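As structure tokens, the structure follows; a few thoughts come after it.
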Amino acid sequence: MDYKKTAEEIVNIVKKDNIISATFCATRLRLIIKDKEAFNSDDVQNIEGVKGVFFNSGQYQIILGTGIVNKVYEEVIKLGVESSVKNTNEDNSKSEDTSKDNQNKFKKFIRIFADVFVSIIPAMVATGLFLGLKGALLNDTLLSMFNTSVAEINPTFLTFISVLTETTFAFLPALVCWSAFKVFGGSQALGIILGLMLVSPALPNAYLVANPNSGVTPIMLFGFIPIVGYQGSILPAFIAGIVGANLEKKLRNIVPNVADILLTPFLTLLIMLFLSLLVIGPVFHSVENIILKISNFALLLPFGIGAFFLGFSMIFIVITGVHHIFGLVELSYIASTGFNPLHPIFNFPNLAVGAACLAITLKSKKKSIKTIGYSATLSSWLGITEPAIFGVNIKYGIRPLVCGSIAAGFSCMLSVILGLKASSNGVTGIPGTLLYIYDTKQLILYIAISILTIVSSFLITWFFGVPKEYLEEDKN
């Protein structure tokens, strides 16, 4: 694929002077534009590599797919289009003034949230795969086949494995803080340092404080304010990054140029350290705990009812773009428990979407549907649902989405009842199998429920979910 040519065609069709700024997520090139009526979306849809287009959350979103979107984005920026990463607040302001479909504040927050967390997804995916492989390799049942055990493995090798699997989560607040500073236009190095301060070894480790048998207690400031590290906490680092980046920018406007290089970093870190440890950390760590309790409540409802509701709703949540906020909950689960019980709830809807797409593709008489249907199905089963959702399933109504959602809901309900949980996040569909190889029972359950999801979604859609428009041949 010629990424430069694709980028040029996108910019030419959408019109460079109509594009305010550009950014990207895992699968989509996202453009903030002045007028969505200034060009024909069908022309964009016909560009090589484009799997679908839609307008959502105040952005024109072009589905390109993982591994492609970042390359096309780089070429778009080379053509002179401004990156929204440089100044998110400024872009939001411009979008409000020029876009006909202004976002509400909640949608803006979700978009910013996605911008921050998309940068750390590769690290999470890699760590998740490492954890899955660790679970498979350091398994006495498997090792017994080679007449050995975990106890006999070379300690140096075990240390190497620990470095691969533990580093990301040990310093997760630093990654989150760095990305927030980057998105909000702050100095990324200051973001990293601020995040590292939140998990400094000089502070009492949060995990040890939470363990009553460790003997580790918080530092009591003024005799009543507990100070601890924020290992395993995501939201405090996220908020600290946003506040810190904006504080730095304000200081740069106040501090004289001659003293800027000395005073601005000094004051930013000094103020943010105290603000993070005394206010942001305690407050938003409590908020994070409340979110986890709510999630646990939903997952623990009798007979998996809560999981059914989440699984059924997930496809529609993805369409709105609000699904990015669940990344916070996933990371919080992993950081605090080492496992991710929400992964099945995000995974099985992807498989259901692909199966519904396959049913439509096989039953449809339209060549246009068959052309993209098979690749869109495979894309969904590899974790990227947008081509199937927007290119096939939702083309003539929501019946295929409802059918897939029903199958996904029951699969999610079953996964909670059986205690299915992944070792990490960020990888779904067929590749998601790697997140369950740490335990033979978990692996078998994952594969079995995945097959059940695909079969049930396919059958429900085949018999009840294919609109009559798909059964008509394309008009020449």
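The values are calculated or read from the model by the stated rules, or taken from the named source; none is laboratory data. Quick caveat, the model's predicted, so the values are computed rather than measured. All Cβ positions, glycine included, derive from the backbone under ideal geometry; neighbour counts span all protein chains shown. Surface accessibility is based on the protein's heavy atoms, side chains included, excluding ligands, DNA and RNA. Shrake-Rupley method; radii C 1.70, N 1.55, O 1.52, S 1.80 Å.
In this structure, is VAL81 open to solvent by less than 60 Å² (accessible area, probe 1.4 Å), under 17 Å from LEU31 (Cα atoms), modelled with pLDDT of 80 or more and touching a Phe, Trp or Tyr at 6+ places or on another chain (Cβ under 7 Å)?
Details: open to solvent by less than 60 Å² (accessible area, probe 1.4 Å): yes; under 17 Å from LEU31 (Cα atoms): yes; modelled with pLDDT of 80 or more: yes; touching a Phe, Trp or Tyr at 6+ places or on another chain (Cβ under 7 Å): no.
So VAL81 fails the test.
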### Task
Just give me the residues in segment 131-163 being under 33 Å from the mean Cα position of the chain (by Cα), open to solvent by 60 Å² or more (accessible area, probe 1.4 Å) and at pLDDT 80 or above, in sequence order.
PHE157, THR159, PHE160, VAL163
### Message
Being aliphatic (A, V, I, L, M) and modelled with pLDDT under 80 is true for just one of VAL402, VAL427. Which residue is that?
### Response
VAL427
### Query
Quick check: anything in segment 304-311 within 20 Å of the chain's Cα centre (by Cα) and surrounded by fewer than 16 Cβ atoms within 10 Å (Cβ to Cβ)?
no
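Among the candidates TYR3, TYR73, which residue alone is in contact with a strand residue (DSSP E or B) (Cβ under 7 Å, 6 or more places away or on another chain), at pLDDT 90 or above and open to solvent by 10 Å² or more (accessible area, probe 1.4 Å)?
Values: TYR3 fails: in contact with a strand residue (DSSP E or B) (Cβ under 7 Å, 6 or more places away or on another chain).
Of TYR3, TYR73, the one residue that is in contact with a strand residue (DSSP E or B) (Cβ under 7 Å, 6 or more places away or on another chain), at pLDDT 90 or above and open to solvent by 10 Å² or more (accessible area, probe 1.4 Å) is TYR73.
Could you tell me which of the residues LYS15, LYS36 is in contact with a Phe, Trp or Tyr (Cβ under 7 Å, 6 or more places away or on another chain) and at positive phi?
Numbers: LYS36 fails: at positive phi.
Just one listed residue meets the conditions, LYS15.
For segment 439-454, give me the residue count where each residue is without any contact (Cβ under 8 Å) to a residue 12 or more places away in the chain, of a type in the set (Val, Ile, Thr) and open to solvent by less than 60 Å² (accessible area, probe 1.4 Å).
We begin by selecting, within segment 439-454, every residue without any contact (Cβ under 8 Å) to a residue 12 or more places away in the chain; these are 441, 443-444, 448, 451.
Add one more test, that the residue is of a type in the set (Val, Ile, Thr), and what stays is 444, 451.
With open to solvent by less than 60 Å² (accessible area, probe 1.4 Å) added as a condition, the list becomes none.
The number of residues fulfilling the criteria is 0.
Okay, residues lined up against (1) open to solvent by 10 Å² or more (accessible area, probe 1.4 Å); (2) over 30 Å from VAL416 (Cα atoms):
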| site | (1), (2) |
| --- | --- |
| PRO341 | yes, no |
| ASN347 | no, no |
| GLY354 | no, no |
| LEU358 | yes, no |
| THR361 | no, yes |
| GLY373 | no, yes |
| ALA376 | no, no |
| TRP381 | yes, no |
| ILE384 | yes, no |
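So how many residues does segment 229-278 have that are among the hydroxyl-bearing types (Ser, Thr, Tyr) and modelled with pLDDT under 90? Spell out how you get there, then give the answer.
Of the residues in segment 229-278, the ones among the hydroxyl-bearing types (Ser, Thr, Tyr) are 230, 233, 264, 268, 276.
Going one step further and asking which of them are modelled with pLDDT under 90, we end up with 230, 233.
Count: 2.
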### Message
For the list (1) part of a helix (DSSP H, G or I); (2) within 15 Å of ILE315 (Cα to Cα), I need the number of the one condition that VAL455 fails.
### Response
(2)
### Task
Scan (1) in contact (Cβ under 8 Å) with a residue 12 or more places away in the chain; (2) part of a helix (DSSP H, G or I); (3) surrounded by 14 or more Cβ atoms within 10 Å (Cβ to Cβ) for the single condition GLN231 breaks and write down its number.
(2)
### Summary
Restricted to segment 183-206 and to residues being open to solvent by 50 Å² or more (accessible area, probe 1.4 Å) and either among the small types (Gly, Ala, Ser) or assigned to a helix (DSSP H, G or I) (or both), the residue farthest from GLY241 (Cα to Cα) is ALA202
## Note on the structure
Those residues of segment 409-438 which are farther than 19 Å from PHE339 by Cβ and either open to solvent by 40 Å² or more (accessible area, probe 1.4 Å) or hydroxyl-bearing (Ser, Thr, Tyr) (or both) amount to PHE410, ILE430
### Query
Tally time: how many residues in segment 376-389 are without any contact (Cβ under 8 Å) to a residue 40 or more places away in the chain and not aliphatic (A, V, I, L, M)?
1
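Taking ALA38, is it over 24 Å from ASN12 (Cα atoms), at pLDDT 75 or above and surrounded by fewer than 17 Cβ atoms within 10 Å (Cβ to Cβ)? Even if it seems obvious, please write down each step before you answer.
Details: over 24 Å from ASN12 (Cα atoms): no; at pLDDT 75 or above: yes; surrounded by fewer than 17 Cβ atoms within 10 Å (Cβ to Cβ): yes.
Spelling it out, it is not the case that ALA38 is over 24 Å from ASN12 (Cα atoms), at pLDDT 75 or above and surrounded by fewer than 17 Cβ atoms within 10 Å (Cβ to Cβ).
Looking for something touching a Gly at 6+ places or on another chain (Cβ under 7 Å), open to solvent by 30 Å² or more (accessible area, probe 1.4 Å), hydroxyl-bearing (Ser, Thr, Tyr) and in contact (Cβ under 8 Å) with a residue 12 or more places away in the chain - is there at least one such residue anywhere in segment 207-227? Quick ask: steps written out before the conclusion?
Step one: list which residues in segment 207-227 are touching a Gly at 6+ places or on another chain (Cβ under 7 Å), which gives 207.
From the residues that got through so far, the ones that are open to solvent by 30 Å² or more (accessible area, probe 1.4 Å) too are 207.
Filter once more, keeping what is hydroxyl-bearing (Ser, Thr, Tyr): 207.
Checking which are in contact (Cβ under 8 Å) with a residue 12 or more places away in the chain leaves us with 207.
Yes, segment 207-227 has at least one match.
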### Task
Select from segment 10-29 the residues that are among the basic types (Lys, Arg) and surrounded by fewer than 24 Cβ atoms within 10 Å (Cβ to Cβ) and write down the one among them that is farthest from GLU75 (Cα to Cα).
LYS15
